[in-house]
Amino acid sequence: MSDSTSQPSPSSNPFDRRNFVKTTAGTAAAAAAFTGAAKGQGVDPDKKLKIGFIGTGGRGTGAAEQALTADDNCELYAVADLFQERIDLSLQTLNARKAKANFPGEINVPKERQFVGLDGYRKILESDVDVVLLTTTPGFRPLHLRAAVEAGKHIFAEKPMAVDAAGVRHGYETIKMSEGKPLSIVAGFCWRYSPSRVEAFKKVMEEGMIGDVVSMYATYYAGYSKPHKEPSERKPGESDIEWQIRNWYNYTWLGGGGLVEQAVHSVDKIGWVMGDTDPILCRSTGGLSVKQPGNGNIFDHYHVAYEYPNNVWCHLGARKTPGCKNENADIIRGTKGALVINRPGDPRIEDNDGNIVWRFRKPRSGEPNMYQVEHDEFFKSIRTGEHINDGPRMMHSSMMAIMGRMSAHTGKELTWEEAMNAGEDLHPDEAGISWADSYEPNPVATPGVTTIEGVA
């Protein structure tokens, strides 16, 4: 296969599933006791950091720009994607942004370091890059995360970290493998790097300004951002695998669905408030209100309720439907008051009488961009040797979202243990996939009818 091929060849290496084994919840328990990354010597400022970029879509291109802005001695060295046209567009976009913003990182990606195909990630990891950005569709994240840890690369991994229970268990094993290594692993759960949210959550969790948390209500209501293409747009000879990857958001095996792929940000904030402890159980509802063209199999709306000890319930409303109310808000209620975020205005704490007792004050220059902050912290940790490893919490939040989807799809109440041990594995073929494969995904779930192994 030529590096300049416009699309992957049918002979591309199959998606390796050998390590996607079913394990017990003991893997997660071991990760919960994770001791973190080892301190290293850091990387001399005079050494140029080489960046490998895997998955060149819109969010990935944004992450690449932020990486090139975060360090004044780095270069984008190699890129990989399943489609050459996406690589071309991403590099064109990055060069245009550099011409406008003049960020310090260099873009040095000749054709011989542009890898197209299912095995492109391996070619990047086999090169001498120091840092990798994992921003492909989420169904590939567990495989790429494992390979990057084994290759000893510093990792930025966009959320979510898996799309099913098997992928989460695999990811927990990978994070355990990273324990004690002088590697930084930063997750794309960007709100945890937002200065306003960090300060607001500190007021709640460390300073106790609202007292004991008794409930949380989070919303992720937005328009449909990635509609499925019309079947008439499918090119002659385009395989099922290629067609589905080009419409990845609409297939659970690739994107996980809207709850797992996007509203997982709100799930992560629930996990954050609750100290990343396991919920006792969850109950979810959901469905498909707007039929999409093609043969996608996701829901477009969910309501998830997570139960924690002492009758604390955390609720999430998620919807991806055009023409409806949009909102991304968090209301955390405690015995002394409530933290209110984005309804409207800066994060604020109100007492039980509705008086504002604290409000986040933006600096005159405005609040720093959280996407940039996470990369700034990432590259700083690489340079100083004070490595960051977001591993356990990024897997935990991904599992919480998957748990919510499983509950909604089956119509069942799930305990954390049931979710962690569920026999859910959405991948098309245990033996792997190749570009020319035929594959018909599961139909849209029917609550009360759809079943998942291990979910009573």
Check: Considering only residues of region 349-361 that are in contact (Cβ under 8 Å) with a residue 40 or more places away in the chain and either surrounded by 15 or more Cβ atoms within 10 Å (Cβ to Cβ) or assigned by TED's automatic domain parsing to the domain that holds Ala157 (or both), which is nearest to Ala67 (Cα to Cα)?
Finding: Phe360
Notebook entry, point to check: Taking Glu242 and the conditions (1) closer than 21 Å to Val267 by Cβ; (2) not in a loop (DSSP other than H, G, I, E, B), which numbered condition does it fall short on, given that it satisfies the others?
Noted result: (1)
Next item on the list: Can you confirm whether region 99-120 contains a residue that is closer than 26 Å to Thr174 by Cα, among the hydrophobic types (A, V, I, L, M, F, W, C) and part of a loop (DSSP other than H, G, I, E, B)?
Entry: yes
Margin query: Residue pairs, Cβ under 9 Å, 6 or more apart or interchain, first in region 301-318 and under 14 Å from His265 (Cβ atoms), second among the basic types (Lys, Arg) and surrounded by 15 or more Cβ atoms within 10 Å (Cβ to Cβ). List them.
Written below: Tyr302/Arg319; Tyr302/Arg405; Val304/Arg283; Val304/Arg405
Item checked: Failed criterion for Val357 (all others in (1) assigned to a helix (DSSP H, G or I); (2) of a type outside the set (Ser, Thr, Tyr); (3) touching an Asp or Glu at 6+ places or on another chain (Cβ under 9 Å) hold) -> (1)
Checklist line | Selection status of Asp390, touching a residue at least 24 places away in the same chain (Cβ under 8 Å) and of a type in the set (Asp, Glu) | finding: yes
Note to self: assigned to a helix (DSSP H, G or I) and either surrounded by 18 or more Cβ atoms within 10 Å (Cβ to Cβ) or among the aromatic types (Phe, Trp, Tyr) (or both): is that true of Leu89 in this structure?
What the structure shows: no
Check: Does Val149 fit the bill of being out of contact with any Lys or Arg (no Cβ under 7 Å at 6 or more places or on another chain), buried (at least 24 other Cβ atoms within 10 Å of the Cβ) and assigned by TED's automatic domain parsing to the domain that holds Arg122?
Finding: no
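The values are calculated or read from the model by the stated rules, or taken from the named source; none is laboratory data. In this text, all values refer to a predicted model and were calculated from it rather than measured experimentally. All Cβ positions, even for glycine, are placed from backbone atoms using ideal geometry, and neighbour counts span all protein chains on display.
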